[in-house]
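Q: A single structure is presented below for examination.
The values are calculated or read from the model by the stated rules, or taken from the named source; none is laboratory data. Treat the numbers as computed from the prediction; the structure is a model and nothing was measured. Neighbour counts are summed over all protein chains in view; Cβ atoms, including those assigned to glycine, are modelled from backbone coordinates with ideal geometry.
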Amino acid sequence: MATRGFIGRKRSGDPRLPPGQYDAGDDWPVLTAEVTPNLRPEQWSMSVDGLVETPTTWSWEEAHALPQSEFHGDIHCVTTWSKLGVTFGGVSVDELLTVAGPRPGATHVLATSTTGYTTNLPLADVTGGKAWVVWTFGGQPLSSGHGGPVRLLVPHLYFWKSAKWVTRLTLLDHDQRGFWEVNGYHDRGDPWLEQRYTGD
Amino acid sequence: MSELLRSTTDAPTGGWRTATVRKVARRTERTVVVRLDIADRVPHMPGQHYVVRLTADDGYTASRSYSVASSPSDPLVELCVERLEDGEVSSYLADVVEVGDELEVRGPIGGWFAWDGVAPTLAIGGGTGVVPLISMLRHARELEHPDLVCLVAAARTAADLPYSDEAMGDCNLVALSREDTPSRPAGRLTSADLAPHVAGRELFFVCGSALFAEAVSRLLVELGVTTTAIRVERFGPTS
């Protein structure tokens, strides 16, 4: 249905922009639904538990001792802004899972933040070099408003999946909806398929 | 580790609908009220929002989320939209849309920033951040329990505050940073403004720019409010 009199912005034609998204440029909106925690790195830890052989918790220093890696690419928020050509640094979720060892039957992950925020992901979306636990943005420490000291990064899905202040990944044999997913947002959230809301 | 964030679990979610514009009116210099008739809509809870999706002739779409200002009993859905520089949806709604136009909308959405009509609530909004809180206030007044929602509305001047007329009265406070009011000298919202309103409140809704939301939620934490009782809705650019 065309909207009478709507022309819209000049089409960027940038092939990196999924449908319905716009380039936020240098802007990086903060849309968190809870109070920003004032979390010092030494207070933070990362746990992988649930359906794993070896439930494991890493301190800030232990996480930094794992092989580091970077992501260079684009991120897409369900509220329709995208940020193109960004760099995050941290550790691949693959490294954490190599230590913890997923058990047969593990199909999904529930990510939990220090604030109590949660989000669900298929295990296949956080393995094979597709997801990170990150503590730098553009080479600088990640600010608290953007999830610092540490957030999850799953850049091929809408950005609410990249839980700020992530502290735990729980492997499950079923899909368990998280914070936004129980509130009408899509279980997977692929921006190229515009999976914004339940049923998309 | 704190407890998990619990949303208002019975909050309804609606699908795509066609809305017919019934009224367009300026609220302040930068805001416009659009009242929509949405056939077969799912009734909303105060605090919830709608997505408005505009489609150009070539199939290009732009969608943005807007909070509902109307109470659940209002036969129309009222949105109040701030016209942003370079805002392709807000400028369309402010400058182009006319009574009788049809818009594609989806909603209501959101079970976190939603008031159940029961919990004693302190609602703090900055500028157009008062919009979802006005829905809460209107609902509380219709329930004949205006005391259930205490509204603190902050803006630079009264002219910058949509619904400033409704925000007065009961236990509410209008805090203007650039203008004196009968109850308060000009100045930013402070801990002293909020302190008298915290006791006995179970839920705390904070809505505004990222900077406003950050500042106010910190004030609440300093006043001893549990973080999981604070529900925040941020909007707008980085700064």
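Q: Restricting to the stretch A:113-140, name every residue that is aromatic (Phe, Trp, Tyr) and either more than 18 Å from A:Phe71 (Cα to Cα) or out of contact with any strand residue (DSSP E or B) (no Cβ under 8 Å at 6 or more places or on another chain) (or both). Let's see the steps before the verdict.
A: Within the stretch A:113-140, the subset aromatic (Phe, Trp, Tyr) is A:117, A:132, A:135, A:137.
Correct list: A:Tyr117 only.
Q: Any residue at all in the stretch A:42-49 that's part of a loop (DSSP other than H, G, I, E, B) and either closer than 19 Å to A:Trp165 by Cβ or at pLDDT below 95 (or both)?
A: yes
Q: In addition: Give me the residue from the stretch B:213-229 that is small (Gly, Ala, Ser) and out of contact with any strand residue (DSSP E or B) (no Cβ under 8 Å at 6 or more places or on another chain) and, out of that set, farthest from the other protein chains (Cβ to nearest Cβ). Full working, then the answer.
A: Narrowing the stretch B:213-229 to residues small (Gly, Ala, Ser): B:213, B:215, B:217, B:224, B:229.
Subset that is out of contact with any strand residue (DSSP E or B) (no Cβ under 8 Å at 6 or more places or on another chain): B:215, B:224.
Numbers: B:Ala215: 11, B:Gly224: 13 Å.
That would be B:Gly224.
Q: Within the bounds of the stretch A:102-118, is there any residue that is within 14 Å of another protein chain (Cβ to nearest Cβ), touching a residue at least 24 places away in the same chain (Cβ under 8 Å) and under 24 Å from B:Val51 (Cβ atoms)? Spell out the reasoning first.
A: Of the residues in the stretch A:102-118, the ones within 14 Å of another protein chain (Cβ to nearest Cβ) are A:110-118.
Cutting the leftovers down to touching a residue at least 24 places away in the same chain (Cβ under 8 Å) gives us A:110-118.
With under 24 Å from B:Val51 (Cβ atoms) added as a condition, the list becomes A:117-118.
Yes, because at least one residue in the stretch A:102-118 is within 14 Å of another protein chain (Cβ to nearest Cβ), touching a residue at least 24 places away in the same chain (Cβ under 8 Å) and under 24 Å from B:Val51 (Cβ atoms).
Q: Go through the stretch B:55-73 residue by residue and tally those that are under 14 Å from the mean Cα position of the chain (by Cα) and at the interface with chain A (Cβ under 7 Å from one of its Cβ atoms).
A: Going through the stretch B:55-73 one residue at a time, the tally reaches 1.
Q: Filter the stretch B:13-38 for residues that are in contact with a Pro (Cβ under 6 Å, 6 or more places away or on another chain) and surrounded by fewer than 21 Cβ atoms within 10 Å (Cβ to Cβ); which is nearest to the other protein chains (Cβ to nearest Cβ)? Please lay out each step first, then the result.
A: Step one: of the stretch B:13-38, the residues in contact with a Pro (Cβ under 6 Å, 6 or more places away or on another chain) are B:14, B:27-28, B:31.
Of the ones still in play, those that are also surrounded by fewer than 21 Cβ atoms within 10 Å (Cβ to Cβ) are B:14, B:27.
On the way: B:Gly14: 9, B:Arg27: 21 Å.
If we take residues in the stretch B:13-38 being in contact with a Pro (Cβ under 6 Å, 6 or more places away or on another chain) and surrounded by fewer than 21 Cβ atoms within 10 Å (Cβ to Cβ), then B:Gly14 is nearest to the other protein chains (Cβ to nearest Cβ).
Q: Give me the strands (runs of 3 or more DSSP E) completely within the stretch B:1-120, filtered to those with at least 2 residues that are among the charged types (D, E, K, R) and touching a strand residue (DSSP E or B) at 6+ places or on another chain (Cβ under 8 Å), ordered by residue number.
A: Working: elements: B:16-28, B:31-38, B:49-55, B:61-67, B:77-82, B:102-109.
In the stretch B:1-120, the matching strands (runs of 3 or more DSSP E) lie at B:16-28, B:31-38, B:77-82, B:102-109.
Q: Do you know which residues across the stretch B:178-202 are without any contact (Cβ under 8 Å) to a residue 60 or more places away in the chain and aliphatic (A, V, I, L, M)? Walk me through how you get there before you give the answer.
A: Kept after step one, since they are without any contact (Cβ under 8 Å) to a residue 60 or more places away in the chain, are these residues of the stretch B:178-202: B:178-188, B:190-193, B:195-196, B:199.
If the condition is that a residue be without any contact (Cβ under 8 Å) to a residue 60 or more places away in the chain and aliphatic (A, V, I, L, M), then B:Ala186, B:Ala192, B:Ala195, B:Ala199 are the ones that fit.
Q: Okay, next question. Restricting to the stretch A:157-200, name every residue that is hydroxyl-bearing (Ser, Thr, Tyr), in a strand (DSSP E or B) and under 15 Å from the mean Cα position of the chain (by Cα).
A: First, pick out the residues of the stretch A:157-200 that are hydroxyl-bearing (Ser, Thr, Tyr): A:158, A:162, A:167, A:170, A:185, A:197-198.
Adding the requirement that they be in a strand (DSSP E or B) leaves A:167, A:170, A:185, A:197.
Scanning the stretch A:157-200 gives A:Thr167, A:Thr170, A:Tyr185.
Q: Same structure again: Give all pairs with beta carbons closer than 6 Å in which a residue from the stretch A:17-35 that is within 8 Å of chain B (Cβ to nearest Cβ) meets a residue that is assigned to a loop (DSSP other than H, G, I, E, B) and among the charged types (D, E, K, R); count only pairs at least 6 apart in sequence or on separate chains.
A: So the pair list comes out as A:Pro19/A:Glu194; A:Gly20/A:Glu194.
Q: Would you point out which residue out of A:Trp58, A:Trp81 is within 11 Å of chain B (Cβ to nearest Cβ) and either modelled with pLDDT of 95 or more or surrounded by 16 or more Cβ atoms within 10 Å (Cβ to Cβ) (or both)?
A: Numbers: A:Trp58 fails: within 11 Å of chain B (Cβ to nearest Cβ).
Only one candidate qualifies: A:Trp81.
Q: Whether any residue in the stretch A:87-96 is buried (at least 23 other Cβ atoms within 10 Å of the Cβ), more than 13 Å from chain B (Cβ to nearest Cβ) and within 19 Å of A:Arg40 (Cβ to Cβ) is what I want to check. Spell out how you get there, then give the answer.
A: As a first pass, look at the stretch A:87-96 and keep what is buried (at least 23 other Cβ atoms within 10 Å of the Cβ): A:88, A:90, A:92-93.
Those left that are additionally more than 13 Å from chain B (Cβ to nearest Cβ): A:88, A:90, A:92-93.
Now drop any that are not within 19 Å of A:Arg40 (Cβ to Cβ), which leaves A:90.
The answer is yes; a qualifying residue exists.
Q: Based on what the data block shows, is A:Leu66 at pLDDT below 95, under 20 Å from A:Leu142 (Cα atoms) and assigned to a loop (DSSP other than H, G, I, E, B)? Quick ask: steps written out before the conclusion?
A: On the way: at pLDDT below 95: no; under 20 Å from A:Leu142 (Cα atoms): yes; assigned to a loop (DSSP other than H, G, I, E, B): yes.
Against the criterion (at pLDDT below 95, under 20 Å from A:Leu142 (Cα atoms) and assigned to a loop (DSSP other than H, G, I, E, B)), A:Leu66 does not qualify.
Q: Let me ask something else. Kindly evaluate B:Arg41 against the criterion of being basic (Lys, Arg) and surrounded by 18 or more Cβ atoms within 10 Å (Cβ to Cβ). Show your work before the answer.
A: Working: basic (Lys, Arg): yes; surrounded by 18 or more Cβ atoms within 10 Å (Cβ to Cβ): yes.
Judged against the criteria, B:Arg41 is a match.
Q: Let me ask something else. Any residue at all in the stretch A:48-55 that's under 19 Å from the mean Cα position of the chain (by Cα) and either within 14 Å of chain B (Cβ to nearest Cβ) or surrounded by fewer than 17 Cβ atoms within 10 Å (Cβ to Cβ) (or both)?
A: Yes: the stretch A:48-55 contains one or more residues that are under 19 Å from the mean Cα position of the chain (by Cα) and either within 14 Å of chain B (Cβ to nearest Cβ) or surrounded by fewer than 17 Cβ atoms within 10 Å (Cβ to Cβ) (or both).
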